[in-house]
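Everything below concerns the one structure shown next.
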Amino acid sequence: MVTRRRSKAPGKKALLRKKKTRKNTSRKTPAQKKPLKKRVSGKTSASRKKSKKKRVRRRTGRRAARRPTRSAGGWRRKLLQRVGVVFAVLIAGTLLYGFYLDAGIRNAFVGQPWERPARVFAQPVELYAGRNLQAQELQQYLHQLGYDRVAQPSQPGEFATTGMVVRLITRSWGAGSRAAAPVAVEVRFADGTIKELRDGRGAPLPVIQLEPQLVGSIIPASGQDRVVIGADQVPGLLREALVAVEDRRFFQHHGLDPRGIARAAWVNLRAGNISQGGSTITQQLIKSHFLDNRRTWRRKYAEALMAVALDARMPKERILLAYINEIYLGQDGRRAIHGFDLASRFYFGRSLPQLEIQDIALLVGLVRGPSFYDPRRHPQRALQRRNDVLGILAAGGVISAEAATRAAGQPLGVTRQGQRNNGNYPAFLSVVTGQLLREYDRDDLTSTGLSIYTTLNVMLQNDIEQIIRRALDGLDVPDMPSSADVQAAAVVVVPETGDLAAIVGGRNPGFDGFNRAVTMRRPIGSLIKPFVFLAALSTGQLELDTLLSNERLSVPLDTGDTWEPDNYSQQYGGEVPAYRALAESLNLPTVRVGLQVGVKNVITILKQLGLQRDIPGYPALFLGAAELAPLEVAQLFSSLSTRGFVTPVRAVKEVVDADGVPLSRYPLTVSRGVNEVAAYQVIANLQLAVSHGTGRGLQKRLHEYLEVAGKTGTTNDYRDSWFAGFSGDVAGVVWLGTDDNSPTGLTGARGALPVWADIMARAATVPLDTRAPSGIQKYAVYYDSAGPAASCAHGVLIPLRADSHRPEGLRCDGNQ
Amino acid sequence: MRPVCNYSFALLLLLLPACAAVTSTHKGGADPAVAGSASATGMTRNGDRADGTTVMLPRGAAAHLTAEAERYQAAGDYIAAAASLERAMRIEPGNPWLSLAMARLRLVEGAPGQAEMLARRALSRAAGDRILTNRCWELVAQARQAGGDKAGALEAARMADQHQ
């Protein structure tokens, strides 16, 4: 699979290259944009130098001409001649310069002149009978997708709720042969699940996919992010409002509006400050797209000439559409919000056609100063501006006076910044970008308009972020004054498909900063132990009921020192069965197992289960000195949960180009990591950890139905608190700790375990499948001693290899 | 190769009634009817039974998507078939019948190595289900044959025969 994918990649790149060369002839690419900018200003300064020289020569010529002619009439005629020549030269120069600039803009707005960031989409939500979902959750999600709640859904993107029934009409999405058309759906809920799913005519529907939520974009270095829309997606009101507010004579003038300039000058003069600009929409478009922001006469001159040229070349409606897609309307960190559609999503969490009158008025008002009128930072000012715009619209007859009054009475209605429907999932996006950069150039990702379909489970992600926030706020940290500095990371994957379902990189998940789930590496502590045991079990050097010494030991190291590991409990002595050593996370027996199997074999097992990185091979590895990122730990436990069959964790499923043509797919692949019998034994042992060992705390936190397996991890001085494990359908990892690596006093069981339990209570629906593969026999033993139990109902069931014959044992394969 | 693919959906349909006594692997299916029949047959929730426990077939939405995948596969649209199967896997994760269906798809796609791996993964969850075990080994045999491993194919075919 991997090789197949690689062989596909060159074809895809070639395709992108081809597209670029095609664009070279037909449209301006982003790459060309900069040289053009340079050319504009370069030429301007050159021509200025030239005209300066000319002026100098002219002046000397005039003085020279004055001396011989003394007659008044001749002097005047000559002057007129000279002035005429000067004007002719100026006009010719302007024309030539105009033609030159015209060549630059000739194809500027043909096709796609913008860098189009790749759009990243979440996993589509599936609706089907039997799914665990509340009516409330579906409504909330539909809001997030920008669906409108109405009394009676009549068009795509609308829904209605009556009691436990939600009716909706899905939007079309996708392209090509797999495009999904709108469907009318009726969803009936009962007892927290979908009871029934029917289509518009009442016929049962087996399953329906909602369109995938847009969760972000991969923006270019320029920081410009935009959603480019077509004329059919522009509300008529927006078009009229822009003309009414920004450029009343837009449909009459030829790119420049001398009357507008005069009016603006008059207004400014009376107001005593610059309150109105005279730039036409065409000029603003030119300025935004081609020119920098310096207010120089040279730039103004070029802008005016280019505006006239553009107006001559392009129909008014196209200029207006380009303007709507081009203009800057806000800032989100280093992301610049361009175009009205993205602005609409950014401020209102809805796409443009879904906006109300007052929302459109707010966006139109923002054109003049997105930062000055920022509705989040300056709500009063923004409200004033919005209502001024509504006034202009009413005065211009665009809307009725009543409508304006009604709209002016509405609240601003902007979403909080960083709210989910702005598509703010930086931790997940960083994984997506990381996966794609292995195959794509950054330019392709940021400018060619790719659509990227990912594995993100948005509903789960939102809930997990909330769980973590709540958990951290209510956390009791023994070794710290407050829990404010405790950080967290969490990863949830679907082992069966390798889907990265949710990922949290810190306590403030909307913050695009350090992604602890991916970039941070911390010692994993006892999370390593299952893999030490796995190495020993898979090589036949250990059985789960092998008795291991719990005496102290010292290990000579290559450095000449000796290493004397401790038990966490500080209790030593005697022998314990291997399964107890793992379930109770005893260090000394684990080190003995590790020494027997060897560091190399443990590392080999980790690699076989999908670890990509080299880790140092010294004995402290047996107690988890290896530093891994939570995402890497998630891969290891995911592979373990599928009984040693490794499916690489992936965030991207498919990449599709701007025309809807698939470029690359990342199908699920399976390889065999370790022996499934040994993997099964370790899984069963981690269930014991939950029922009898360090994971006991889970029992009161999870429904008894939900069988899980898991392991705690705590590092020296309580610097890192880990929990990792899985149910039958998801694997999850939680880390708690601090950025400066200071001790929190939290063990894995005290810190990460409760958070993990909350996450699994939300994410997991399927109990672990405990049915043994062939090659396993189960024996009932007393937990403490591993001695044979009196009956299958007593003690615990320990899975042993079929070839580990136990004549004295009590086989209990049929029961649990 | 082909007959197996074509039979598989028919097989799913045939086996559907036999699944009442199957352990529940999906919360949505934890309704009293299923739980009741499970206890009636003396099975525990996780149903370890040495004597040929049946592994639940995909149901409802997952069954629909499996059938849809079969249709795409028959029409030669392997990408759409894989997409449908992955959707089914998300709805019923861990169901070995879905891994087996994916293995069949990979085999007709010409990826016998992946086909064998997926069939082996299904086998690791077959839990003594004779029919599932038999189908998995048959597929492993076909995949090995396609990959040029004649001896391995014979061995797998022998394993399949043992679970008739």
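The values are calculated or read from the model by the stated rules, or taken from the named source; none is laboratory data. Everything numeric here is computed off the predicted structure, so don't read it as measured data. All Cβ positions, even for glycine, are placed from backbone atoms using ideal geometry, and neighbour counts span all protein chains on display.
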Within the stretch A:478-536, of all residues that are β-branched (Val, Ile, Thr) and part of a helix (DSSP H, G or I), the one farthest from A:Val458 (Cα to Cα) is A:Val532
Taking the condition of being at pLDDT below 95 and either surrounded by 24 or more Cβ atoms within 10 Å (Cβ to Cβ) or outside any loop (DSSP other than H, G, I, E, B) (or both), how many residues in the stretch A:606-621 meet it?
3
Sole miss for B:Arg125 among (1) under 23 Å from A:Ala731 (Cα atoms); (2) at pLDDT below 95; (3) more than 10 Å from chain A (Cβ to nearest Cβ) is condition (3)
Residue count for the stretch A:571-585, restricted to those that are surrounded by fewer than 24 Cβ atoms within 10 Å (Cβ to Cβ) and under 18 Å from A:Ala724 (Cα atoms)
1
Confirm whether A:Leu205 is touching a strand residue (DSSP E or B) at 6+ places or on another chain (Cβ under 6 Å), over 30 Å from A:Gln331 (Cβ atoms) and surrounded by 19 or more Cβ atoms within 10 Å (Cβ to Cβ).
yes
(1) aliphatic (A, V, I, L, M); (2) surrounded by fewer than 24 Cβ atoms within 10 Å (Cβ to Cβ); (3) in contact with a helix residue (DSSP H, G or I) (Cβ under 9 Å, 6 or more places away or on another chain): which one isn't true of A:Ala629, the others all being true?
(3)
Quick check: anything in the stretch B:64-80 surrounded by 24 or more Cβ atoms within 10 Å (Cβ to Cβ), of a type in the set (A, V, I, L, M, F, W, C) and at the interface with chain A (Cβ under 10 Å from one of its Cβ atoms)?
yes
Identity of the residue in the stretch A:657-692, over 35 Å from the mean Cα position of the chain (by Cα) and in a loop (DSSP other than H, G, I, E, B), that ends up nearest to the other protein chains (Cβ to nearest Cβ)
A:Asn675
Considering each residue of the stretch A:341-387, count those that are crowded, with 19+ Cβ neighbours inside 10 Å, in a helix (DSSP H, G or I) and of a type outside the set (S, T, N, Q), and give that number.
21
Do you know which of the residues in the stretch A:192-222 that are of a type in the set (A, V, I, L, M, F, W, C) and assigned to a strand (DSSP E or B) is farthest from A:Gly163 (Cα to Cα)?
A:Ile218
Can you run down the residue pairs with Cβ atoms below 9 Å, 6 or more apart or on separate chains, where the first is in the stretch A:741-761 and at positive phi and the partner is of a type in the set (A, V, I, L, M)?
A:Gly745/A:Val477; A:Gly745/A:Met480
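Each row is one residue, and each column tells you yes or no for (1) among the acidic types (Asp, Glu); (2) assigned to a loop (DSSP other than H, G, I, E, B); (3) more than 10 Å from every other protein chain (Cβ to nearest Cβ); (4) surrounded by 21 or more Cβ atoms within 10 Å (Cβ to Cβ).
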| site | (1), (2), (3), (4) |
| --- | --- |
| A:Met760 | no, no, yes, yes |
| A:Pro767 | no, yes, no, yes |
| A:Thr770 | no, yes, no, yes |
| A:Tyr783 | no, yes, yes, no |
| A:Cys792 | no, yes, yes, no |
| A:Ile798 | no, no, yes, yes |
| A:Ser804 | no, yes, yes, no |
| A:Glu808 | yes, yes, yes, no |
Can you say whether A:Asp566 is on the phi < 0 side of the Ramachandran plot and without any contact (Cβ under 8 Å) to a residue 12 or more places away in the chain, as far as the supplied structure shows?
no
Can you tell me which residue is surrounded by the most Cβ atoms within 10 Å (Cβ to Cβ) among those in the stretch B:106-115 that are more than 9 Å from chain A (Cβ to nearest Cβ) and within 17 Å of A:Thr647 (Cα to Cα)?
B:Ala115
Restricting attention to the stretch A:662-676, does a residue exist that is buried (at least 20 other Cβ atoms within 10 Å of the Cβ), touching a residue at least 60 places away in the same chain (Cβ under 8 Å) and in contact with a Pro (Cβ under 6 Å, 6 or more places away or on another chain)?
yes
Quick check: is even one residue across the stretch A:628-646 modelled with pLDDT of 95 or more, more than 30 Å from B:Ala83 (Cα to Cα) and in a strand (DSSP E or B)?
yes
Please go through the stretch A:578-603 and give me each residue that is small (Gly, Ala, Ser) and over 25 Å from A:Ala749 (Cα atoms), ordered by number.
A:Gly598
Within the stretch A:455-499, can you find the residues that are hydroxyl-bearing (Ser, Thr, Tyr) and within 14 Å of chain B (Cβ to nearest Cβ)?
A:Thr455, A:Thr497
Report, by residue number, each residue of the stretch B:128-143 that is surrounded by fewer than 23 Cβ atoms within 10 Å (Cβ to Cβ) and more than 14 Å from chain A (Cβ to nearest Cβ).
B:Ile131, B:Glu138
If I filter the stretch A:510-561 down to residues being at positive phi and surrounded by fewer than 24 Cβ atoms within 10 Å (Cβ to Cβ), which single residue comes out as nearest to the chain's Cα centre (by Cα)?
A:Gly540
State yes or no: is A:Ala709 more than 33 Å from the chain's Cα centre (by Cα), crowded, with 22+ Cβ neighbours inside 10 Å, of a type outside the set (Val, Ile, Thr) and within 14 Å of chain B (Cβ to nearest Cβ)?
no
Checking A:Gly745, A:Gly732 in turn, the sole residue that is under 25 Å from A:Phe514 (Cα atoms) and within 14 Å of chain B (Cβ to nearest Cβ) turns out to be A:Gly732
